[in-house]
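In what follows, a single structure is set out as structure tokens and then discussed.
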Amino acid sequence: MKTKIYIVTGFLGSGKTTLVKRILTSSQDLSKTIVLVNEFGKVGIDSDLIKHTATANIVELTSGCICCSLKTDMIQTLQILRYDYSPEQIVIEATGVADPLSIIEALGDRMLSSHFCLEKTITVVDIDFWEAREAFGSVFKSQLRQADIILLNKIDTIDSPDIPSVLKEIKAESGGGIIIPTLHCNVDPDIFWSHPDQKKALETKNFNFHPYDPANDVYSPKNSEAAQTAKDAGFITFSFENTQVLDEKKFLEFLKVQPLELFRIKGPVKFSDKTRMLNYVGGKSDWQKWPDKITTCLAFIGWGVIEEQIIEQLTRCLVKA
């Protein structure tokens, strides 16, 4: 029996890790499930977040994009996982700048095709980013067109009367995937795990605002587009690790002055009286409690930003001994 592959994609900060955490805490038997997390950078943050809730095995691929520089690593890793664990299913959480088409093509490699089958591709879309979608290029479009399911996440951030028009626009851009509006990726796990042919077409003609309200469409052949690597797209990544305490007021001011080109800052931040997990996307910050009080460990992703300047600004936030 072939191992089923589930690909989870979505641009930076859309909610992929939240989705994977929800899926892995469902009632589904995960004893034969492995999660392969692709971190675009040297610091692995998403896998740590998943490990706090998951009973499945977690495997990391870091320091590159799974669709380009790490494609060979992914092929080798899948082969090793098959021989070592004989998993029934593998969930691949791709980095936000990955083109799923390249991952799908890699699964067609002669070393993998006889042992693995692509079951489903799920793309998480942050509705806040929809108006600026042209700025994200062909990678963003490919994530939509390769999706069997599109989670239109964070629908509480726009006026509910606008949601139907956004759904129509996404439907026109997509490759025929089912579109599901969500809050915090709160979706029925059965939709994630079930086979596409078992899905029902769901109506949206009378769409009302609800935390979970499926949209209609049926599965259809996907459109193809030439893969564009993260490097070609101009994305850069860097990290900051330090055991010193950061001044909370200075750090919050630091976040306020960051350019829009700095898409993402993610990781635990150590203050004098607490450590908090920061998820900073497009100028917005979300904070969560974090048990580890040892170190600050931040991963940055941006486009055309100057790493040295940002690190220098961040270093000024450290509390002097």
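The values are calculated or read from the model by the stated rules, or taken from the named source; none is laboratory data. Computed from a predicted model, the values in this text were never measured in an experiment. Backbone-built Cβ (ideal geometry, glycine too); neighbour counts: all protein chains shown.
Quick notes on this structure:
- Selection within the range 138-196 - among the hydroxyl-bearing types (Ser, Thr, Tyr), farther than 23 Å from Val281 by Cα and crowded, with 23+ Cβ neighbours inside 10 Å: Ser174
- Single condition Asp232 does not satisfy, out of (1) part of a strand (DSSP E or B); (2) among the acidic types (Asp, Glu); (3) modelled with pLDDT under 80: (1)
- From the options Thr295, Thr275, Thr237, residue that is surrounded by 13 or more Cβ atoms within 10 Å (Cβ to Cβ) and modelled with pLDDT of 90 or more: Thr275
- Check on Asn216, in a loop (DSSP other than H, G, I, E, B) and modelled with pLDDT of 50 or more: no
Listed here are the residues, each with its yes/no results for (1) at pLDDT below 75; (2) closer than 24 Å to Trp303 by Cβ; (3) part of a strand (DSSP E or B).
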position: Val35; (1), (2), (3): no, no, yes
position: Gly44; (1), (2), (3): yes, yes, no
position: Ile66; (1), (2), (3): yes, yes, no
position: Leu78; (1), (2), (3): no, no, no
position: Leu101; (1), (2), (3): no, yes, no
position: Ala106; (1), (2), (3): no, no, no
position: Met111; (1), (2), (3): no, no, no
position: Glu119; (1), (2), (3): no, no, yes
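- The one condition from (1) small (Gly, Ala, Ser); (2) at pLDDT 80 or above; (3) in contact with a Lys or Arg (Cβ under 9 Å, 6 or more places away or on another chain) that Gly13 does not meet is (2).
- Residue check for Leu167: of a type in the set (A, V, I, L, M, F, W, C) and closer than 28 Å to Leu30 by Cα: no
- Any hit, the range 128-140, residues being touching a Pro at 6+ places or on another chain (Cβ under 7 Å), closer than 27 Å to Leu24 by Cα and not small (Gly, Ala, Ser): no
- The single condition among (1) crowded, with 19+ Cβ neighbours inside 10 Å; (2) assigned to a strand (DSSP E or B) that Ile310 does not satisfy is (2).
- Any hit, the range 254-269, residues being of a type in the set (D, E, K, R), loosely packed, with under 15 Cβ neighbours inside 10 Å, assigned to a loop (DSSP other than H, G, I, E, B) and free of Cβ contacts under 8 Å to residues at least 12 places away in the same chain: no
- Pair list, Cβ < 8 Å and 6+ apart or interchain, from the range 169-195 residues that are on the phi > 0 side of the Ramachandran plot to residues that are modelled with pLDDT under 80: Gly176/Asp217; Gly176/Val218; Gly176/Tyr219; Gly176/Ser220; Gly176/Pro221; Gly176/Lys222
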